[in-house]
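To start, the structure under review is shown below, and the notes come after it.
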Amino acid sequence: MPSVTLLGPQRLRPIVKPVLDEREIDGPLAVITGGWEEREDEVDDLRDHCQRETLNLGLHRRMEAVLNEDRALSQALTDRNDRLRVAQTFYQRRLAPLLDSVRRLHQLKVSRMELLPAERAHALLSVAELDAHYMTQIRGIHAAFQELWDPVARPAVVAAREELRELLAGSSALLIAGGHVGVLLDQLTLFELSSIVGDTPIVAWSAGAMVLCERIVLFHDSPPQGPGNAEVYDDGLGLAPQVVALPHARTRLKLSDKVRVQILAGRFAPASCVALDEGCGIHWDGQTWSSIGPARRLTTHGKLAGMVAP
């Protein structure tokens, strides 16, 4: 498994170069900006910041080319994604009342307060059980698609993977930018990039950090629309173990709300929910996590603490 560095957003306070300098990574950099979709070629600012040669892997362009060539696979992906959206709708409908119940129990005042902790814990367990049920459902959808279509055996995908393998072989590190997390995940899984990256060190930020985790969790306590319930989205690549990446945490989470922090941390324990804001990150050396800058994790006490090995 490669070493992995997860960073917060890079637009305002980029720290990719200092991270590369610290790791003594000087050679060409393979870059994935597929989450930017049509803007994936706009890497001048990133190249200037890193001060190193960059090789854009062009996953958005490559995926479009593959699906234009293999129309049957394209239609199969559309059908699979439709099934995933329906499963997600069921999950969201069931999730909202369960989380509301957990929050109400945290606000409840009764004459025998000593009885509340067990009820709160059981209510939160119900949420975790729904998360697990949803993951079972979508894993079944993914497995059926893989068994029927085996994308990495399709000629267009085989050719693209060979090109990607060669580019990665000539790179000293792989950078994965943010953007649309669902789009990025589709690209990475179609080409099964995790199986060809080898030991190449990875530096990822924002949505790029999210997709490397074992679970991708979508979150926003005050969204423009919707209830603001954190929800499991899908399995990630599993290259960043035991953590849930929460980029833009300062702006998307009510970190001063003790109950919300406590619920989020407890729901995904024993994995550590890590707030990845500007100027900070965490590094996995294959055995333990270490902090870069003021990285913080959410705790089951409802507070933020320094990052330690999960």
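The values are calculated or read from the model by the stated rules, or taken from the named source; none is laboratory data. What you are looking at is a predicted structure, and each value in this text was computed from that prediction instead of being measured. As a convention, Cβ positions derive from the backbone with ideal geometry for all residues, glycine included, and neighbour counts pool all protein chains shown.
Every residue, every condition in (1) over 16 Å from residue 230 (Cβ atoms); (2) at pLDDT below 95; (3) surrounded by fewer than 17 Cβ atoms within 10 Å (Cβ to Cβ); (4) in contact with a strand residue (DSSP E or B) (Cβ under 6 Å, 6 or more places away or on another chain), yes or no:
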{"position": "114", "(1), (2), (3), (4)": "yes, yes, yes, no"}
{"position": "118", "(1), (2), (3), (4)": "yes, no, yes, no"}
{"position": "123", "(1), (2), (3), (4)": "no, no, no, no"}
{"position": "142", "(1), (2), (3), (4)": "yes, no, yes, no"}
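Any idea how many residues of segment 55-76 are under 23 Å from the mean Cα position of the chain (by Cα) and not aliphatic (A, V, I, L, M)?
Matching residues across segment 55-76 total 6.
List the residue pairs whose Cβ atoms are under 8 Å apart, where the first residue sits in segment 188-212 and is surrounded by fewer than 18 Cβ atoms within 10 Å (Cβ to Cβ), the second is basic (Lys, Arg) and part of a helix (DSSP H, G or I), and the two are 6 or more positions apart or on different chains.
Cβ pairs passing all conditions: 192/161; 196/161; 196/165.
Of all residues in segment 194-213, count the ones that are over 18 Å from residue 39 (Cα atoms) and touching a strand residue (DSSP E or B) at 6+ places or on another chain (Cβ under 8 Å).
Number satisfying all stated conditions: 10.
Of these, 232, 243, which one is within 17 Å of residue 180 (Cα to Cα) and of a type in the set (A, V, I, L, M, F, W, C)?
232
Collect the residues in segment 150-162 that are crowded, with 17+ Cβ neighbours inside 10 Å and either over 25 Å from residue 198 (Cα atoms) or charged (D, E, K, R) (or both), keeping them in residue-number order.
154, 161
Name the pairs whose Cβ atoms lie under 8 Å apart, with the first residue in segment 250-271 and crowded, with 21+ Cβ neighbours inside 10 Å, the second in a loop (DSSP other than H, G, I, E, B) and of a type in the set (Phe, Trp, Tyr), and 6 or more positions between them or separate chains?
253/219; 264/219
Quick check: anything in segment 69-78 in a loop (DSSP other than H, G, I, E, B) and on the phi > 0 side of the Ramachandran plot?
No, segment 69-78 contains no residue that is in a loop (DSSP other than H, G, I, E, B) and on the phi > 0 side of the Ramachandran plot.
Can you name the residue in segment 180-227 that is among the small types (Gly, Ala, Ser) and touching a His at 6+ places or on another chain (Cβ under 9 Å) and, of all such residues, is farthest from residue 149 (Cα to Cα)?
226
What's the number of the condition residue 128 fails, among (1) out of contact with any strand residue (DSSP E or B) (no Cβ under 9 Å at 6 or more places or on another chain); (2) surrounded by 14 or more Cβ atoms within 10 Å (Cβ to Cβ); (3) under 30 Å from residue 61 (Cα atoms); (4) not β-branched (Val, Ile, Thr)?
That leaves (3) as the condition not met.
If we only count strands (runs of 3 or more DSSP E) wholly inside segment 1-67, which ones have 2 or more residues that are surrounded by 20 or more Cβ atoms within 10 Å (Cβ to Cβ), modelled with pLDDT of 95 or more and in contact with a Gly (Cβ under 6 Å, 6 or more places away or on another chain)?
4-7
Which condition number in (1) under 21 Å from the mean Cα position of the chain (by Cα); (2) outside the structural domain of residue 195 (by TED's automatic domain parsing); (3) touching a residue at least 60 places away in the same chain (Cβ under 8 Å) is the one that residue 96 fails?
(1)
Among the listed residues 188, 175, 148, identify the single one that is assigned to a strand (DSSP E or B) and not basic (Lys, Arg).
Every option except 175 fails the conditions.
Answer yes or no as to whether residue 299 is surrounded by fewer than 22 Cβ atoms within 10 Å (Cβ to Cβ) and either out of contact with any helix residue (DSSP H, G or I) (no Cβ under 6 Å at 6 or more places or on another chain) or under 15 Å from residue 8 (Cα atoms) (or both).
It is false that residue 299 is surrounded by fewer than 22 Cβ atoms within 10 Å (Cβ to Cβ) and either out of contact with any helix residue (DSSP H, G or I) (no Cβ under 6 Å at 6 or more places or on another chain) or under 15 Å from residue 8 (Cα atoms) (or both).
Counting only residues that are of a type outside the set (S, T, N, Q) and more than 19 Å from residue 174 (Cβ to Cβ), which one in segment 189-225 is modelled with the lowest pLDDT?
If we take residues in segment 189-225 being of a type outside the set (S, T, N, Q) and more than 19 Å from residue 174 (Cβ to Cβ), then 224 is modelled with the lowest pLDDT.
For segment 207-310, give me every one of the strands (runs of 3 or more DSSP E) that falls completely inside it and has 2 or more residues that are of a type outside the set (Asp, Glu) and within 21 Å of residue 189 (Cβ to Cβ).
215-218, 231-235, 243-247
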